Amino acid sequence: FYAPWCHWCQRLAPVWEKSTATLQQKFPGDNRLIMAKVDCTSPGGDALCLKHRVDAFPTILVFRKDDTGESQHESYHGERSVPAITAWAEHFLAQAKRHIAKTNVVDSDMDGVPDSHNGVGCMVSGLVHVQRAPGMLKIQAASDSHEFHWETMDVSHVINHLSFGPFLSEKAWAVLPPHIAAAVGAMDDRSFTSDQHVPTTHEHYIKVVRHEVSPPSSWKSKAVVSYGYVGHSNNIQKAGEVPTVRVNYDILPVVVQVTEKRQALYHFVTQLCAIVGGVFTVAGIVAAIMDKGVNLMTKKAELGKLG
């Protein structure tokens, strides 16, 4: 899949043609392997590229005869040279001839890095050291060997985990109150989806607060420092806007200190006595009101004033 204006597609074109000719000479009359190309700017090719979510040029996909409509096609990420492409293509012929097992992950040069695999998207993980000042994490597609079609770029994503501060041990998690523990990864396991075929930028705004939780002295444990946050998200759909994921964070200059202390026994006894005394007081008031009411009704009855 290519676009005529793409510089990398122009460089790949003669390599692709020579690879096709090499395979035809090596396997004459074998129609089990067809090398094709699609112009994503042509009247018929644009719909096909849109259907298969092609947003980077050039893109090399594998279409198998037994693929279903929902199949994910393998994409080639290997070297763009005649020997590399022909060796990779021959691997599929070997699968068709059942000389090797069928697989969607091909490593033709056996260097430990797959030349092609199925699935879309990528996993972004790591640890970033930042200053205690407002900042932004920006995630955007970039490549030294592709041109992108931004109008079809989809940056839908799932935040598996996002936290600030040091990693917490199991003992530290046990010390944190539930509401503070939930704030440490407030955006975990949340998904954000872009509208189909509409360039969408996802903007996340995060306010971070430091918590210092001191457990009871009987636990003989140090205070636990954690960073909780609240997050708000917004989608931006603007013509000419490059689809991006932006995480704007602001570490607030405040500290929330939480101290847990056990009440002494005399506090419990005092509260219990207050409750019991209150019950007796209310009961006495109710009894006095009822006694007065009964006496009043009795007097009226004696005087014959009851209806």
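The values are calculated or read from the model by the stated rules, or taken from the named source; none is laboratory data. This structure is a prediction, so every number in the text was calculated from the model and none was measured. In this analysis, Cβ positions are derived from the backbone assuming ideal geometry, glycine residues included, and neighbour counts consider all displayed protein chains. To get the accessible areas, we keep the full protein, side chains included, count just its heavy atoms, and leave off ligands, DNA and RNA. Shrake-Rupley method; radii C 1.70, N 1.55, O 1.52, S 1.80 Å.
Computed values, structure above
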{"quantity": "Selected residue (criterion: farthest from residue 254 (Cα to Cα)) from residues of segment 183-213 that are in contact (Cβ under 8 Å) with a residue 40 or more places away in the chain and among the aliphatic types (A, V, I, L, M)", "calculated": "187"}
{"quantity": "Those residues of segment 250-273 which are at pLDDT below 90 and either part of a helix (DSSP H, G or I) or in contact with a Lys or Arg (Cβ under 8 Å, 6 or more places away or on another chain) (or both), in sequence order", "calculated": "265, 266, 267, 268, 269, 270, 271, 272, 273"}
{"quantity": "Residue within segment 188-211 that is outside any loop (DSSP other than H, G, I, E, B), out of contact with any helix residue (DSSP H, G or I) (no Cβ under 8 Å at 6 or more places or on another chain), of a type outside the set (Lys, Arg) and at pLDDT below 85 present", "calculated": "no"}
{"quantity": "Residue 225 vs. criteria in contact with a Gly (Cβ under 9 Å, 6 or more places away or on another chain), assigned to a strand (DSSP E or B) and touching a residue at least 40 places away in the same chain (Cβ under 8 Å)", "calculated": "yes"}
{"quantity": "Residue check, residue 77 modelled with pLDDT of 75 or more, of a type outside the set (D, E, K, R) and within 28 Å of the chain's Cα centre (by Cα)", "calculated": "yes"}
{"quantity": "Number of positions in segment 55-74 that are at pLDDT 85 or above, open to solvent by less than 70 Å² (accessible area, probe 1.4 Å) and in a loop (DSSP other than H, G, I, E, B)", "calculated": "4"}
{"quantity": "Tally of residues being over 18 Å from residue 206 (Cβ atoms) and either in a loop (DSSP other than H, G, I, E, B) or open to solvent by less than 40 Å² (accessible area, probe 1.4 Å) (or both) across segment 135-154", "calculated": "11"}
